[in-house]
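The values are calculated or read from the model by the stated rules, or taken from the named source; none is laboratory data. The shown structure was predicted, so the numbers you read here are calculated from the model rather than taken from an experiment. Note that we place each Cβ from the backbone using ideal geometry, even for glycine, and neighbour counts take in every protein chain shown.
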Amino acid sequence: MTLRCVLPSAPRWIRDHMGLYWHLSRRKGEGEGIPVWQGMQMALGSAGFIASVSFFTFRDVHPVVAKTIRDAPPGPMSDTLRSATPVCGPSPTQEAFMKAVLVKYQYLRHPNIISLIGYSHSLEGGVVLIWEFSPGGTLRELLNRYGRLPTITTIRFGLQVLSALSFLHEHNVAHGNLNLDTVMVDSDGSCRLVGLYMHERIPFVLPGTHYMSPAMATGKLPTPPCDLFCYALLALEALTGEPCWRWTTNEDGQPFGTIPDLLVLMQNGGQAFCDAVVEGRVVANAEAFDTPMFAEKYSELARSTLRCCVSHTPSKRPTAVEVRNIVKILLSEGGLACEEDEV
């Protein structure tokens, strides 16, 4: 299935579900008609509260809108197209989903989980989610800023992520989208997860990602074991700097592709990547856990635990609680008592 997205341009402000206004950050000199943002962006509320906002495109739009944009070029709407496109709000199903998400968050309060403050339907074809502000940005941004982090810091970050996952799994909820862009860093250096924790499929078009378990690649809904697989992929990429997937070899003993091909496949995600996982042409790059450089920094206990997390068989993966207990041991070995952490 091919999805076409004609995105709105980013407005100067949005109005949330409670009628409050949020002014979106802009760089000096930016005019009107800039493309809608990807990832997180800062917003200033009319009452002076600062939040992070993200935009998601609805998977289904009103048939009249779909007909209007069917032959439009991908990317932000032109002024001409916007003038010709009917203004249609969310469907009853989409609005009910957002209300259910807010209710769900009332029962999922945890120090390592970002709270959802509200949402806005101010932009065509999607919803703006309004989150607690995280001044440190995403874990990916932190790694891009500072490069390799101290070993004890990465272990502490891992403990905090696992604390949030353990809490979610205890409530029979899977995160389902764990990656370097859904782990936020607070001003005190603590990591917190951001996500939509629902049992059914969410009505949004998620960005193409290579963070998925083999089961998710087949189209199945994510489960707690899927989260542990993605946790290991996240750790692999963050700690080694290597791609978290690798090509397998064909009958001639040659890889199915080159490293540049793999990087493009991972970056694009989508059905092509899912097919490669399901067909066994790519597998988790667990070999990166055994390089001399990685083995010098992390014990065999840490490496074997991560290898178990990327097992192709879900029943062979440890639970988040089990991995969290192992990380506590690693912290203790590093001289940091668990009571010093806020998890």
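When the residues of segment 312-329 are narrowed to those that are in contact (Cβ under 8 Å) with a residue 12 or more places away in the chain and over 17 Å from Thr153 (Cα atoms), which ends up surrounded by the most Cβ atoms within 10 Å (Cβ to Cβ)?
Ala320
Out of the residues in segment 121-133 that are of a type outside the set (A, V, I, L, M, F, W, C) and modelled with pLDDT under 90, state the one that is surrounded by the fewest Cβ atoms within 10 Å (Cβ to Cβ).
Ser122
Return the residue satisfying two criteria in turn: it lies in segment 267-306 and is in a helix (DSSP H, G or I) and touching a Phe, Trp or Tyr at 6+ places or on another chain (Cβ under 6 Å), and of such residues it is surrounded by the most Cβ atoms within 10 Å (Cβ to Cβ).
Leu306
Among the residues of segment 165-188, is any modelled with pLDDT under 90 and among the β-branched types (Val, Ile, Thr)?
no
Could you look through segment 160-180, keep only residues that are of a type in the set (A, V, I, L, M) and within 13 Å of the chain's Cα centre (by Cα), and pick out the one that is surrounded by the fewest Cβ atoms within 10 Å (Cβ to Cβ)?
This residue is Leu180.
If you check every pair at least six apart or on different chains, which have Cβ atoms under 9 Å apart with a residue in segment 136-165 that is closer than 18 Å to Val323 by Cβ and in the same structural domain as Asp186 (by TED's automatic domain parsing) first and a residue that is among the aromatic types (Phe, Trp, Tyr) and at pLDDT below 90 second?
So the pair list comes out as Thr151/Tyr298; Thr154/Tyr298; Ile155/Tyr298.
For segment 93-193, give me every one of the strands (runs of 3 or more DSSP E) that falls completely inside it and has 2 or more residues that are of a type outside the set (Ser, Thr, Tyr) and more than 21 Å from Gly241 (Cβ to Cβ).
By residue number, 116-120, 126-132, 191-193.
Please specify each residue of segment 74-97 satisfying the condition of being at pLDDT 70 or above, surrounded by fewer than 16 Cβ atoms within 10 Å (Cβ to Cβ) and not acidic (Asp, Glu).
Once the filter is applied, which keeps residues that are at pLDDT 70 or above, surrounded by fewer than 16 Cβ atoms within 10 Å (Cβ to Cβ) and not acidic (Asp, Glu), segment 74-97 yields Thr80, Gly89, Ser91, Pro92, Thr93, Ala96.
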